[in-house]
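Chemist: Okay, here's the structure, questions in a sec.
The values are calculated or read from the model by the stated rules, or taken from the named source; none is laboratory data. None of these values were measured; they are calculated from a predicted model. Cβ coordinates were reconstructed from backbone atoms using ideal geometry, including for glycine residues, and neighbour counts include every protein chain displayed.
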Amino acid sequence: MEIFIPSSTLIVFGQLLLATFLGMLLGTECSVIAGKGAGTRTFALVALGACLFTVVSVLVTSGYIGVVNFDPMRLTAGVITGIGFLGAGVIIFRDDMLKGLTTAAGLWVSAAIGVSVGFGLYSIAIFTTFLTLLVFTGIWFVENNLVTWTKNLRKIGHLKFTKKSD
């Protein structure tokens with residue numbers, strides 16, 4: 001028996017994939033080329049979480065059009081704000097090193113997944129969980145190899161990028 005996935009869900013999957021990929025591109029530039037603290041995984045997770053919160057907002061609010069004095073996204077706004085404070089507590093700056101950004105971004109995506117499940121968007125939440133695991137594990141490997149590769153190119157003089165100031 002085949003599992004039926006509506007075409008609108010496949011479109012959402014595509015949106016989540018695109019957001020993750022575009023965030024990865026931005027993060028790769030920041031971490032590998034510019035040498036900034038926030039890297040490929042952090043940018044990918046933030047883009048993924050923001051996309052998921054937006055998709056949930058669109059899907060959920062469209063189901064409640066015309067209902068007076070009812071906004072299901074107020075709860076979600078509170079979750080987003082609260083998880084922002086929790087994520088800020090995870091980020092540590094010590095010895096010119098910024099730590100915890102990816103963990104904070106992962107917490108934020110986890111909150112988005114929780115909101116999705118709460119609103120009954122199960123397949124989207126499951127798909128986003130797999131994307132998040134891919135970013136946490138697979139992209140870590142790619143990013144580390146890119147950093148090593150660019151360091152080697154800088155050593156032999158083939159790459160002239162320098163660290164930019166903010």
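Chemist: Got at least one residue in region 6-18 being modelled with pLDDT under 90, of a type in the set (A, V, I, L, M) and surrounded by fewer than 16 Cβ atoms within 10 Å (Cβ to Cβ)?
Modeler: yes
Conditions tested, residue by residue: (1) within 21 Å of Leu45 (Cβ to Cβ); (2) touching a Pro at 6+ places or on another chain (Cβ under 8 Å); (3) crowded, with 17+ Cβ neighbours inside 10 Å.
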| residue | (1), (2), (3) |
| --- | --- |
| Gly78 | yes, no, no |
| Arg94 | no, no, no |
| Ile113 | yes, no, yes |
| Ser123 | yes, no, no |
| Leu134 | yes, no, no |
| Asn145 | yes, no, no |
| Lys151 | no, no, no |
| Arg154 | no, no, no |
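Chemist: Same structure again: Being within 21 Å of Ala19 (Cα to Cα) and crowded, with 16+ Cβ neighbours inside 10 Å, is that true of even one residue in region 59-67?
Modeler: yes
Chemist: Hey, among the residues in region 52-88 that are among the small types (Gly, Ala, Ser) and not in a loop (DSSP other than H, G, I, E, B), which one's nearest to Thr128 (Cα to Cα)? Give the steps one after another, and end with the answer.
Modeler: So in region 52-88, the residues among the small types (Gly, Ala, Ser) come out as 57, 62-63, 66, 77-78, 82, 84, 87-88.
Checking which are not in a loop (DSSP other than H, G, I, E, B) leaves us with 57, 62, 77-78, 82, 84, 87-88.
Details: Ser57: 15, Ser62: 21, Ala77: 19, Gly78: 21, Gly82: 21, Gly84: 19, Gly87: 19, Ala88: 23 Å.
Filtering first and then ranking leaves Ser57.
Chemist: May I ask you to say which residue of Thr40, Thr137, Thr128, Thr103 is in contact (Cβ under 8 Å) with a residue 60 or more places away in the chain, closer than 30 Å to Lys151 by Cβ and among the hydroxyl-bearing types (Ser, Thr, Tyr)? Show your work before the answer.
Modeler: Details: Thr137 fails: in contact (Cβ under 8 Å) with a residue 60 or more places away in the chain; Thr128 fails: closer than 30 Å to Lys151 by Cβ; Thr103 fails: in contact (Cβ under 8 Å) with a residue 60 or more places away in the chain.
Unique residue meeting the criteria: Thr40.
Chemist: Give the number of residues within region 23-39 that are at pLDDT 80 or above and surrounded by 15 or more Cβ atoms within 10 Å (Cβ to Cβ). Working first, answer last.
Modeler: Quick first cut of region 23-39, residues at pLDDT 80 or above only: 23-25.
Adding the requirement that they be surrounded by 15 or more Cβ atoms within 10 Å (Cβ to Cβ) leaves 23-24.
Residues meeting the conditions: 2.
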